[in-house]
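**Q** Provided herewith is a single structure, encoded as structure tokens, for subsequent inquiry.
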Amino acid sequence: MPDALDSGHRKPVAPPAGHEQPATTRGGTRVPPAQRSPLTAGQRAASQLLALREVVLPAAVIAAAVELLADHLDHEGDAVTREATAAVLTRLREAVDPATDIARPRTPHPCRAAVRADDRHPPRRSAIERQSAVNRPGACSSRQRRGGTVDEDTRAGDGTGGKSSGMSHGSSGAGHAVVAGAGIGGLLAARVLSETYGRVSLIDRDALSAAGGPRRGVPQSRHAHGLLSRGFEVLQELFPGLAVDLAARGALVRDAQADVRWFNDGHRLQPGASQLPCLLVSRPELEHYLRSRVAALPGVEIHERCEVVEPVAEGADGAGGRITGVRLLRVNSEPEVVAAELFVDATGRGNRGATWLRALGYDPAPEERIDSGLVYVSREYRRRPDDAEADAYLVGAEADAPRGGVALSAEGDRWLVTLFGMADDVPPTDPAGYHAFAARLPVPDLYHLLQRLEPLSAPRLMRIPVSVRHRYERLERFPEGYLVLGDALCQFNPSYGQGMTVAACEAAALRECLAQNPGDGLAGRFFRRAARITDVPWDMSVGGDLRFPFVEGPRTARVRLLNRYVARLHRAAAAHPSVGRAFLRVANLQDPPQRLFAPAVLGRVLLTRPPARSMDAPEAAGRRARSTGRRTLSS
């Protein structure tokens, strides 16, 4: 049956359980006024608000309306006058001119705006159609070129010898670009730089195994990682054939709503087809695959067991400072200076950007910090057919239960399970204690899954460093030929799964900046675009962290209101697949957050009453519905 709120036909909005239908007729028969159940002003305002579903309302006005309506709905026993309802709707109508605002074009998410128009795909097939294509039998062979520094896989079976017609490899440009760090961000930077520079050198301190696997310089690689739908989309734009190749290696492509069990604030998100494909693969396997594709690009060299000591510049003390090269230190060698026109810092959380800038005579970038006290403990389990009802489980932490966990299917017939805690409530590293911690999660589903699985590894612990955002876009002076990307630019709380996707969006933005003008002013243009990309996921993660009373930070009225609204949204998503789909599109950086306040979503959020929650988890007894909440995903 079509959804009345999503179709072009208007139908009466069903009131919450416990209230009769407020229509004046039933089955064509008029109902006497004495038999009608009265609506509160809050419900009436929400119902009228649904009638404005064709209008994209300003976020500030919606927020004010939500605050008033939420208060009404929380106090339905109070006498709320018609004047209060009229005041709410008057504020909405005064802010919207139907002649200009109806059918306003949807605002694109900054991540989506970072892709060049000539690189956009034709209309995408559904996630299930793409999944079927990905899961067709395929082949992927590799060979290693070991000039002491390079790993290379040459894709077979596509008739291109590793060069896809969808990629403009082999730039005719000149110049040398150096990228420090061969993690996800560095690999993506090298990929887009190969279109502009004749030579690209990718530098990393680790020994890069031809077989892949976890490595010392990426300690988080042993833990479950999430690649959001937007990040998956960008990777496929930069590396055509990626989904097919990784599926041949055992990765899974699934629908983010139909094939994943999400639990937010203890509410299970109602399953449904979201048309949001997600990639289930381990971080080491994804990185190994990207490294093999990048190494196969003409003009790209990967130097392992080599470190960038510092960038070298001329004229740094004046207004015209420019990078001229980098000082490298190879194993068992003396430092050497290598000339370069561009240097990209993609060294991740351990970056030395502040030290390098001071040495060049520049101020370091201002920082924003937030410490959630997050601790990960991960373990691998054997995955067998039909041992679970979903391909991934994600259990978010609650404000008064700061514990969560994820279980992701991965290549090699494995489950990658990560449990996380905050402050002093962290997962133990002994097997019995690990399972006992899982039993204390807000819902029991993940614990029940672990009880059925065969462990393949011991639990491994990792303390997550403080989340830091470096505001390079605010610097007045900065050397030409110097860029920062990925975790070196912004380090997110990994439980929200945003890091790899934001790095991919930044790479797409860099590609666009280079296409427009690779010369002077590149750093300023890129940092401004990167800031717009980072704003939304940073606000989402920081706002989510500030739900917890032990996390220090300014809790503005906006943060409190949004957390209150998102908690209500999770409750509505347990009943309405369309609300869950809207949430997932925002969480996956496909839509801007304003879409969560679209009238069709807002109405359901306001009208959904708290369900009777199942209290199966050991600590759930007596727990009431939460007033705040956000989703979590391990990254």
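The values are calculated or read from the model by the stated rules, or taken from the named source; none is laboratory data. As the structure is a computational prediction, the values presented were derived from the model and not from experiment. Here the Cβ is made from the backbone with ideal geometry for all residues, glycine too, and neighbour counts use every protein chain on show. Please note that ligands, DNA and RNA were not included when accessible areas were found on the heavy atoms of the full protein model with its side chains. Shrake-Rupley method; radii C 1.70, N 1.55, O 1.52, S 1.80 Å.
**Q** If I model a spin label as a point 7 Å beyond the Cα along the Cα-Cβ vector, how far apart are those points for GLU454 and ASP400 in nm?
**A** 4.2
**Q** Just check region 389-542 against the gyration tensor rule for me: Cα atoms, a ≥ b ≥ c as the square roots of the eigenvalues, rounded for a/c under 1.5, and otherwise prolate or oblate depending on whether a/b exceeds b/c. Display every interim value, and only then the final one.
**A** Values: a/c = 3.09, a/b = 2.35, b/c = 1.32.
Prolate.
**Q** Okay, next question. Can you give me the % of accessible surface on region 333-472 that is carbon or sulfur? Probe 1.4 Å, all protein chains present, nothing else counted. Could you put the intermediate results ahead of the total?
**A** Numbers: 2590 of 5470 Å².
Exposed carbon and sulfur together represent 47 percent of the surface.
**Q** Per residue, how many Å² of accessible area does region 376-479 show with a 1.4 Å probe? Don't skip to the answer; put the middle values down first.
**A** Details: 3980 Å² over 104 residues.
Result: 38 Å² of accessible area for each residue.
**Q** What list of ³J(HN,Hα) values in whole Hz, one per residue of region 372-387 in order, does the Karplus curve 6.51 cos²θ - 1.76 cosθ + 1.60 (θ = phi - 60°) give from phi, with Gly and Pro shown as x?
**A** Working through the residues one at a time gives 8, x, 6, 10, 9, 9, 10, 8, 9, 9, 6, 10, 10, x, 6, 8 Hz.
**Q** For region 473-558, count the residues as N, evaluate 2.2 N^0.38 Å, and divide the Cα radius of gyration by that value, please.
**A** Values: Rg = 15.0 Å, N = 86, 2.2 N^0.38 = 12.0 Å.
In units of the 2.2 N^0.38 Å rule of thumb, it is 1.25.
**Q** Per residue, how big is the convex hull of region 423-467 when only Cα atoms are used? Give it in Å³.
**A** Values: hull volume 4.6 nm³, N = 45.
Expressed per residue, the convex hull around the Cα atoms of region 423-467 is 102 Å³.
**Q** Starting from the Cα of GLU552, step 7 Å along the direction of its Cβ; do the same at GLU314; then give the gap between the two resulting points in nm.
**A** Going by the 7 Å Cα→Cβ label model, 4.6 nm.
**Q** Can you compute the FRET efficiency between GLN516 and ALA339 using 1/(1 + (r/R0)^6), with r the Cβ-Cβ distance and R0 = 25 Å? Round to the nearest 0.05.
**A** Values: r = 25 Å, r/R0 = 1.00.
Working from the Cβ atoms, E equals 0.50.
**Q** In square angstrom, what is the accessible area per residue of region 266-317 with a 1.4 angstrom probe? Walk me through the numbers on the way to the answer.
**A** On the way: 1530 Å² over 52 residues.
Each residue of region 266-317 exposes 29 Å² on average to a 1.4 Å probe.
**Q** For a Förster distance of 56 Å, can you work out the FRET efficiency between the beta-carbons of GLU476 and ARG249, rounded to the nearest 0.05? Working shown, then result.
**A** Numbers: r = 47 Å, r/R0 = 0.84.
That pair, GLU476 with ARG249, gives E of 0.75.
**Q** On average, how much accessible surface per residue is there in region 194-264, in Å², for a 1.4 Å probe, leaving out ligands, DNA and RNA? Intermediate values should be presented prior to the final figure.
**A** Numbers: 2030 Å² over 71 residues.
Ligands and nucleic acids excluded, the result is 29 Å² per residue.
**Q** Further question: Let me know the Kirkwood hydrodynamic radius for region 281-371, please, with Cα pairs as the basis and the value in Å to one decimal. Kindly include the intermediate steps, with their values, before the conclusion.
**A** Values: mean 1/r = 0.0640 Å⁻¹.
Hydrodynamic radius (Kirkwood, Cα only) of region 281-371 equals 15.6 Å.
**Q** Amide H to amide H, which residues 5 or more places from TYR496 or on other chains are under 5 Å from it, using H placed in the peptide plane?
**A** Correct list: LEU633, SER635.
**Q** Also, I was wondering about something else. Based on the alpha carbon coordinates of region 421-501, what radius of gyration and maximum Cα-Cα distance (Dmax) apply, in Å?
**A** For region 421-501, the Cα-based Rg and Dmax read 19.1, 58 Å.
**Q** So between VAL331 and LEU461, what do we pick up on full extension, going 0.36 nm a residue minus the alpha carbon distance? Walk me through the intermediate numbers first.
**A** Values: separation 130, 0.36 × 130 = 46.80 nm, distance 2.98 nm.
Stretched out fully, the VAL331 to LEU461 stretch lengthens by 43.8 nm.
**Q** Counting other Cβ atoms within 10 Å, keep those with at most 16, restrict to DSSP loop, and tell me which GluC sites (Glu not before Pro) in region 363-468 are left.
**A** Details: sites: GLU367, GLU368, GLU380, GLU389, GLU398, GLU411; in loops: GLU389, GLU411.
Answer in residue order: GLU389.
**Q** Let me ask something else about it. For region 213-329, compute Rg over Rh where Rg is the Cα radius of gyration and Rh is the Kirkwood radius from the inverse mean 1/r over Cα pairs. List each step's numbers first, then the result.
**A** Working: Rg = 20.0 Å, Rh = 17.8 Å.
That ratio equals 1.13.
**Q** GLU389 versus ALA436, label points 7 Å from Cα toward the beta carbon: distance in nm?
**A** Reported label-point gap for GLU389 and ALA436 is 2.8 nm.
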